[in-house]
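In what follows, a single structure is set out as C-alpha cells and then discussed.
The numbers here are math on the coordinates, done by the rules we state, and not lab data. Because the structure is a prediction, the values reported are computed rather than measured. Here the Cβ is made from the backbone with ideal geometry for all residues, glycine too, and neighbour counts use every protein chain on show.
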Amino acid sequence: MSEKLYPIEVEVNGVQRTAQVPARLTLVDWLREDLRLTGTHVGCEHGICGACSVMLDGEPVRACLMFAFQANGHRVTTVEGLAQPDGSMSVLQDSFCQSHALQCGYCTPGMLIAAQGLLNTNPNPSALQIREAIGGNLCRCTGYQQIVDAVRDAAERLSAQVK
Amino acid sequence: MKSAPFEFVRAASISEACEVLKREGDTVKVVAGGQSLIPMMAMRLVRPALLLDINEIAALKFVAADEDVVRIGACTRQSAVERDEALASRVPLLRQALTWVGHVQTRNRGTIGGSIVHADPCAELPLVAQILGARMVLRGTARARTVAADAFFTGPMMTVTDPNECLEEVHWPVWGERRAGSAFAEISIRHGDFAMVCAAAQLALGDDGRCVRAAFGLGGVGQTPLAFPRLAQRLVGTRIEDEAVKSVAHDAAAESGPGSDLFATAAYRRHLAGVLAARVIRAAHEQARTKA
C-alpha cells in the first residue's frame, strides 16, 4: 500500500522548491535525500545531537523534529545557504577553518547554523552566550573550545567589516 | 527512527481543529512545536493515525497583558516568550524557567501550550503553571472551559483535556506586589536534558521585610509537578529566616514522591528536592529584598 502524498512548496536557500511528500518524511530527510542537500547531517534523529540544525524563517531549528510538510509555505536555510553566492565560504565558515574548529566535521553544519543564528541577533556575543547558543549541538572531536574561539573570531571580523 | 505512516491535516482555525478532533476521536494527535511528540513518534512510542497540525493558526500565537493576568496563546513559541521584555517583568518565572527548557533550536519551535499539555512531570513550564496557579482554556466544539493547574495535571503525561478538546490559551497570574522575587533551579545530567529535579519559588515582601505571599514547588519528584501551598503559607509573616527556609524545604522533600531510575535513586532525588527548594526560596527572597 503506497502512502498518501502531500504537495508542498518551500523556499530552500532562496530557491522555490515544490514536491509531493509522505506525511512522515522529516524535513532533514527531504533536504538530503530528495533535494540532495547533504550538507545538513543526520545524527540521532530525535532532537539531541543538533547535527541536523537548519534555519526556518531565519531561526535555527532541528530538521529531524519537523516533518517536511510542516515547512510548507516557509523559508529554509541550510549550511549550503550560508556560503557566498560564488560558493566561497562565509566569514563564519572561514573562522571555523582558521581556528581549527572541526575535525571529523560531522557536527559542523549544525554548529555553523547555531552560531550564525546567534550572530544574526547578537553581533558581539560573550563566550558564555556562544556556549549557550551551541549548547544543543554535540561535538565529539574538538572539546568545543576552538568552536567558541571561531565564533568570537567571526564576530570580531564581521563587526570590523561593518565599521 | 522513522515514524510509522500517518495522515496529516493542517487546521486553519481552532474551530476547524476541534471539528477534526471530534470527528476522528483519539486516533488523532495534535502537533504544535512537536519537540516532544516527534521524537516519541520516531521511537514509535506514539503512532497516531492522523496528525493535526495547529502551527499555522495565527490566533493561537499571542501574548496579551491584562491587569492581573498575562494570557498566552497555546501555539506561541517558547523563544518568543523568552525574548518578551514586558512579560519578563510581569511573570519573571517564565523566562527563568525557559532558559532550562531544551536548547535554542528546540525553543524556536517548541510552544508554551505544547509543553503544558504534554504534562511531563519533570518539565519546567508545568511546574511554573502549578506554583502560580495558571489557568488553562480548553476549547471543544460546543464550548470552552477553564481549568486551574491543580485540577489540570492528573498524572505523568496526563491532563483533564478531553480527546475532543484543544488547549487554546494559558492564563498566568501576575503578582502586583512591588517587592516580589522569583527563582528557578534545576539539576540535570547535562544542561538542556530532562530535569532530574527542578524547583521554582516566588515570594513577595511587605515594606517591613516580612513575607506577605509565597509559592514554591518541585518537578521530577512526583506524578505531576508539585506545589506546596500549605508549606509556603508557613513562610508568610516571617522574614524568611534560614531556619524557616530549611524547615519548609525539608518538609517539601519529605512530602514528595520521587522514583528511581538509571540516573538517580529516589533517595538522591529527595535529597536534591530539599536542597533545590531551599535554594530557590533563598534566591527569590534575595531578589525581593533588594527591591526598594
- Residue-count net charge about A:G43 - beta-carbon cut-off 14 Å; Lys, Arg +1, Asp, Glu -1: +1
- Once the Cα atoms of the range A:91-162 are picked out, what are the Rg and Dmax in Å? 10.8, 34
- Item | Rg/Rh (Cα only; Kirkwood hydrodynamic radius) as it applies to chain B | 0.98
- Note on the structure: Ranked by GNM mean-square fluctuation in chain B (Cα springs under 10 Å), the top entry among B:R143, B:R269, B:R107 is B:R143
- Message: Quick check: from the Cα gyration tensor, does the protein assembly as shown come out rounded (a/c under 1.5), prolate or oblate?
- Response: oblate
- Query: Between rounded, prolate and oblate, where does the range B:162-292 land on the alpha carbon gyration tensor, with a ≥ b ≥ c its root eigenvalues, rounded for a/c under 1.5, else prolate if a/b exceeds b/c?
  - Reply: oblate
- Applying the gyration tensor rule to the Cα atoms of the range B:51-158 (axes a ≥ b ≥ c; rounded if a/c under 1.5, else prolate if a/b exceeds b/c, else oblate), the class is rounded
- Please identify, among A:C141, A:C52, A:C107, the residue showing maximal mean-square fluctuation in a Gaussian network model of chain A using a 10 angstrom Cα cutoff. A:C141
- Neighbour net charge for A:N124 - beta-carbon separation under 11 angstrom, K R +1, D E -1: 0
- What number, rounded to the nearest 500 deg cm²/dmol, is the helix-based mean residue ellipticity at 222 nm of chain B, given -39500 (n - 2.57) per DSSP H run of at least four residues and division by all its residues? -10000 deg cm²/dmol
- Query: Can you list the lysines whose alpha carbon sits under 18 Å from that of B:K2, skipping same-chain ones fewer than 8 residues off?
  - Reply: A:K4, B:K29
- Task: Using Cα positions and a limit of under 19 Å, work out the lysines in reach of B:K291, with same-chain residues fewer than 8 apart set aside.
- Result: none
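Would you mind counting up the charge near A:D29? Only other residues with Cβ under 10 Å from its Cβ, with Lys and Arg at +1 and Asp and Glu at -1.
0
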- Message: Helix-only estimate, please: 222 nm mean residue ellipticity of chain A, summing -39500 (n - 2.57) across DSSP H runs of length 4 or more and dividing by its residues, to the nearest 500.
- Response: -9000 deg cm²/dmol
- Task: With +1 on each Lys and Arg Cβ and -1 on each Asp and Glu Cβ, and nothing else charged, work out how big the dipole of the protein assembly as shown is about its Cα centre, in Debye to the nearest 20.
- Result: 560
- Message: What do you get for GluC sites (Glu not before Pro) in the range B:1-102 restricted to DSSP loop and a cutoff of at most 13 other Cβ within 10 Å of the site's Cβ?
- Response: B:E67
- Query: Could you name the aspartates and glutamates in cross-link range of B:K246, using Cα to Cα under 19 Å and dropping any fewer than eight places away on the same chain?
  - Reply: B:E186, B:E255, B:E286
